[in-house]
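See structure below.
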Amino acid sequence: MPQLESLLDRLVESSLEFAVVGGFAAMVHGVTFLTQDIDICMPFTKENLFRLRDALAELHPVHRMTPQRLAFEVTDENVARFKNVYLDTDYGTLDCLGEILGIGDYSAVLPLSEKMLIGGKTCLVLGIEGLVRAKQSTNRTHDRMTILQLRAIQERRRRFTES
């Protein structure tokens, strides 16, 4: 897990505009299932894509969904083509999503997110309600189990704040 946190540190330090979503976000909230990657939702603007490129440059990012495992390159010519980016890096797997099923694009994810401290850095993390909506939309077995834990965490927090 330390390498995933180091990967996240690079994204935060680059001033990339993003929110952590998916299994890593669920772990930050207290879910006990481990994840092997970081999923983020981000606006796919030219400036943001160049920040992503620069943040990952030293980590040898490659497109993991292509058989050739092509290097991740962002140029003025190709910047408009990106909608989602699925990468392997020296620090781990990073999925950059333009839209989250059940929620929408980054502008819809933003109000459902909260600032949280991860490994000494503050970044936006999709909140429990948003995670539940996203996980319900996929309806995979492990997502249903994650929803159970998220609801239990939510209830425990509610009880704690009421007392």
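Key figures
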quantity: Selection status of Glu5, under 16 Å from the mean Cα position of the chain (by Cα), closer than 30 Å to Gln154 by Cβ, charged (D, E, K, R) and not in a loop (DSSP other than H, G, I, E, B); calculated: yes
quantity: Residues located in the stretch 26-80, provided they are among the aromatic types (Phe, Trp, Tyr), crowded, with 20+ Cβ neighbours inside 10 Å and either assigned to a helix (DSSP H, G or I) or over 16 Å from the mean Cα position of the chain (by Cα) (or both); calculated: Phe72
quantity: All positions within the stretch 26-78 that are without any contact (Cβ under 8 Å) to a residue 12 or more places away in the chain and either within 30 Å of Arg156 (Cβ to Cβ) or touching a Phe, Trp or Tyr at 6+ places or on another chain (Cβ under 7 Å) (or both); calculated: Met27
quantity: Tally, over the stretch 139-163, of residues that are loosely packed, with under 13 Cβ neighbours inside 10 Å and either touching a residue at least 12 places away in the same chain (Cβ under 8 Å) or of a type in the set (Lys, Arg) (or both); calculated: 7
quantity: From Leu112, Leu87, residue being out of contact with any Ser or Thr (no Cβ under 6 Å at 6 or more places or on another chain) and within 22 Å of His29 (Cβ to Cβ); calculated: Leu112
quantity: Number of the condition not met by Asp88 [criteria: (1) acidic (Asp, Glu); (2) surrounded by 15 or more Cβ atoms within 10 Å (Cβ to Cβ); (3) over 17 Å from the mean Cα position of the chain (by Cα)]; calculated: (3)
quantity: Any hit, the stretch 87-106, residues being part of a loop (DSSP other than H, G, I, E, B), free of Cβ contacts under 8 Å to residues at least 24 places away in the same chain and at positive phi; calculated: no
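Bear in mind that the values in this text are calculations on the coordinates, not laboratory data. It should be emphasised that the depicted structure is a prediction, and the values quoted were computed from it without experimental measurement. Methodologically, a virtual Cβ is constructed for each residue, glycine included, from the backbone with ideal geometry; neighbour enumeration extends over all protein chains shown.
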